[in-house]
1. For Cα pairs less than 8 Å apart in space and 6+ apart in sequence, what is the mean separation divided by the residue count of segment 32-161, i.e. the relative contact order in percent?
2. Tell me the net charge near residue 21. Cut-off is 12 Å between Cβ atoms, residue 21 excluded, with +1 for each Lys or Arg and -1 for each Asp or Glu.
3. Checking the a/c ratio against 1.5 first, then a/b against b/c, what shape does the Cα gyration tensor give for segment 47-148?
4. What size of dipole, in debye to the nearest 20, comes out for segment 44-161 about its Cα centre when the only charges are +1 on Lys and Arg C-beta atoms and -1 on Asp and Glu C-beta atoms?
5. Just grab the label-to-label distance for residue 89 and residue 139, each label 7 Å out from Cα along the Cβ direction, in nm (one decimal).
6. Residue separation times 0.36 nm, minus the C-alpha to C-alpha distance between residue 38 and residue 154: what's the value?
7. Tell me, what is the FRET efficiency for residue 108 and residue 60 to the nearest 0.05, using R0 = 22 angstrom and their Cβ-Cβ distance as r?
8. Under a crude label model (7 Å from the Cα following the beta-carbon direction), how far is residue 25 from residue 96 in nanometres?
Amino acid sequence: MTGPLDPPVGTGGDHAAPDALPVAEFAFPGPLRDRLVAAILDGSKTSTTSTLVEYGIEDEPLPEVGARQVLIDSAGQPVAVIETTAVQVVRLADVDVRHARDEGEGHDSVAGWRAAHEAFWTSPDMRGYLNDPTFSVTDDTPVVLERLRVVELLPGEQPRA
């Protein structure tokens, strides 16, 4: 996202009401989620990455372009409706610097982005979530690259500067 938020989409027409949409959670509740949600709301985070194995754990289909979700904060409160604008599955080694920068976490290189993501993916919390105490990633690990945009701020949320 490079400009101000798109006008609210409302809840009519062919778009579901926010309370009927699936939930989007970024990281685990806590400081990291709070930073990621803030970056999404201020427009600096327009991409995200998950390991493909995470979708198997949740028995979820891959995101689809045009799909909308309700973004929640660490308190579980809905803050915005986001929309998937692109999805691609690639090898971890094939993530490019544009994607890394668009994650909005201040990474200017793929190496820095990858180090931060590897630390998260191999953290005790993530290994517990995956039920795999030795989970690790390699260049060949499939990852899901998703691009997104905010389409509606929910009541109580204002764009963050």
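Since every read-out is calculated from the coordinates, none of them should be taken as a lab result. This one's a predicted model, so the numbers in the text were calculated from it and none came from an experiment. Note that we place each Cβ from the backbone using ideal geometry, even for glycine, and neighbour counts take in every protein chain shown.
1. With pairs under 8 Å counted, the relative contact order is 39 percent.
2. Once positives and negatives cancel, what remains is -2.
3. Cα axes put segment 47-148 in the rounded bin.
4. For segment 44-161, the charge dipole is close to 320 debye.
5. Label-label distance for residue 89 and residue 139, simple model: 2.1 nm.
6. Length gained between residue 38 and residue 154: 40.4 nm.
7. Efficiency, rounded to the nearest 0.05: 0.10.
8. Roughly 3.3 nm, to one decimal.
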